[in-house]
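The values are calculated or read from the model by the stated rules, or taken from the named source; none is laboratory data. Keep in mind the model is a prediction, meaning the values are calculated, not measured. We place every Cβ from the backbone using ideal geometry, glycine too, and count neighbours over all the protein chains shown.
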Amino acid sequence: MDNCSQTLATPPTTTPRGKISIFDTTRRQNMSAIRRLNLISQHISPFSASSSSTTSSSTHSKMPVSTQAAHPLTLIPGPVEFTDEVLQAMATPSQSHVSPQFVSVFGDALALLRQLFMNTDKSAQAFAIAGAGTLGWDFVASNLIEPGEDALVLHTGYFADSFADCIDTYGGVPTQLKAPIGDIVPLDQIEAALKSKFYKVITITHVDTSTGVLSDIKTIAALVRKVSPNTLIIVDGVCSVGVEEIRFDEWDLDFVLTAPQKAIGVPAGLSIFIASGRALDVFKSRKAKPGSYYASLSKWLPVMQNYEAKKASYFSTPPVQNIHALLASLKQILAIPLEDRFAAHEKMSTHVKETIESYGLKQVAVRPGYQAHGMTAVYVPEGVTLPDFLPKVAKRNIVLAGGLHKDIATKYFRIGHMGVSAIGEDREDFTLALNAIKDSLKECGYTF
Ligand SMILES: Cc1ncc(COP(=O)(O)O)c(C=O)c1O
């Protein structure tokens, strides 16, 4: 932290605009003191030093509500900006991973993860393991698919190619159904594929972070249960859990994997997933041993069950501070109904998309109703290049992401609007970001 942005008081909690805040009056007064300090700090911090000569006055009229060291706003589709409580939890002093204190924290985090996934069926189990979103693919490929078995992979962008590659690594046989760039896989194609042979699993990227395409997992899951009831339904929710509606029990899903650094709002370092009772039974009846030592459900299932029952357990040392941060964030997320959280994200998403379109720019995700609510992928206009545009936005202390889908990577950029930046009370992150985009386009010679 720099000298001018020390923590003054208990900082803000993520609450959607217009919803009841959980702060009391004292905390509000503290917040106003923090805001004043942040305004002062603009004149002496690295944040303002680089921004003052390069931005329009509107871009930095206020600092974001935070007690964190001044820093460029990270508005990419993960990692996102974190709340102060989460970062403070990451600084929890050392604690034994089998101490009663930590066991209790881990148990609470696992119980709250069930709520996040809208799960009450105890035959399912939530997991939080040191790793990353990618490790969730390894768990699927090495536990739920045996060598030689077929997997149907729905492709709405870059991440399906990688999931298919992971399945292939463990001896599964992936078949990809590819949508045109920016579009979804039509239901009749999925139905025809499921009728053509038995697929052990179907994988759906809920939001493909390379395109911003949102898949309708509820409808696809219902189709799978009708046409091929024993096919396990696997959802890559890395860019959707915490921002898009996911009803694990009600929609009869089998495995939803995610990572903390996006809409869950916790620094990277965890693989988070939930497996249904059906998926766990399929795993228990497999003939071949799990294809991985670390990513083995037989190793981790008892550990998670024990921690959730508030009993210490060990297979590999859990990342104590990350689990503290996960619990801090889940408490903030679940302080309001999930439906309100989804609605707040949808509102911000609509605002970002409408503003971008008012600038004359086009989204990569072409189909209304199938566009992510936590990110927007946007084509740069004719005559503007990414290497010219993105540094101009960065000069204004807003960090956006470049393109990722290999066929169009140089033609578009991505904005992440998940978590505290998107729905934090009194935050102005997207006023700053949308102004920065507009001013940067002008500087690139684009006329509106
Ligand atoms: C949809 C999707 N799946 C999987 C991953 C991989 O997650 P991680 O980078 O945490 O390994 C990402 C990462 O951005 C993603 O967006």
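Brief remarks on what is shown
- Just one residue in the set L135, L113 is at pLDDT 95 or above and more than 23 Å from D252 (Cβ to Cβ); that residue is L135.
- Flag if A192 is surrounded by fewer than 24 Cβ atoms within 10 Å (Cβ to Cβ), at pLDDT 95 or above and in a helix (DSSP H, G or I): yes
- The numbered conditions (1) crowded, with 16+ Cβ neighbours inside 10 Å; (2) within 16 Å of the ligand (Cβ to nearest atom); (3) under 30 Å from N435 (Cα atoms); (4) of a type in the set (A, V, I, L, M, F, W, C) are all true for I333 except (2).
One line per residue, one yes/no per condition, for (1) closer than 13 Å to A126 by Cβ; (2) within 16 Å of the ligand (Cβ to nearest atom):
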position: S285; (1), (2): no, no
position: S292; (1), (2): no, yes
position: S298; (1), (2): no, no
position: Y307; (1), (2): yes, no
position: K310; (1), (2): no, no
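- Output for the range 200-212, where each listed residue is touching a strand residue (DSSP E or B) at 6+ places or on another chain (Cβ under 7 Å) and more than 12 Å from I233 (Cα to Cα): V207, T209, T211, G212
- Where a residue in the range 221-242 is surrounded by fewer than 24 Cβ atoms within 10 Å (Cβ to Cβ) and its partner, wherever it lies, is among the small types (G, A, S) and in a loop (DSSP other than H, G, I, E, B), with Cβ under 6 Å and at least six apart: none
- For first residues located in the range 130-145 and within 23 Å of V320 (Cα to Cα) and part of a helix (DSSP H, G or I), partners that are modelled with pLDDT under 95 and away from the ligand (no atom under 11 Å from the Cβ) and lie 6+ apart or on another chain with Cβ distances below 7 Å do not occur.
- Residue check: A141 meets all listed conditions (1) of a type outside the set (D, E, K, R); (2) more than 16 Å from the ligand (Cβ to nearest atom); (3) crowded, with 22+ Cβ neighbours inside 10 Å but one, namely (2).
- Sub-6 Å Cβ pairs linking a first residue in the range 169-197 that is in the same structural domain as K218 (by TED's automatic domain parsing) to a second residue that is modelled with pLDDT under 95 and surrounded by 14 or more Cβ atoms within 10 Å (Cβ to Cβ), at least 6 apart or interchain, are Y170/G291, ordered by first then second residue.
- The set of residues from the range 396-414 being more than 20 Å from D183 (Cβ to Cβ) and not basic (K, R) comprises N397, I398, V399, L400, A401, G402, T410.
- Filtered by the rule that a residue be under 17 Å from S96 (Cα atoms) and either under 16 Å from the mean Cα position of the chain (by Cα) or outside any helix (DSSP H, G or I) (or both), the range 302-325 gives K310, K311, A312, S313, Y314, F315, S316, T317, P318, P319, N322, A325.
- For L194, the requirement of being touching a His at 6+ places or on another chain (Cβ under 9 Å), more than 15 Å from S271 (Cα to Cα) and more than 16 Å from the ligand (Cβ to nearest atom) is not met.
- Some residue of the range 140-162 being assigned by TED's automatic domain parsing to the domain that holds D188, of a type in the set (D, E, K, R) and in contact with a helix residue (DSSP H, G or I) (Cβ under 9 Å, 6 or more places away or on another chain): no
- Qualifying residue in the range 237-248 (condition: over 17 Å from L187 (Cα atoms), out of contact with any strand residue (DSSP E or B) (no Cβ under 8 Å at 6 or more places or on another chain) and within 11 Å of the ligand (Cβ to nearest atom)): no
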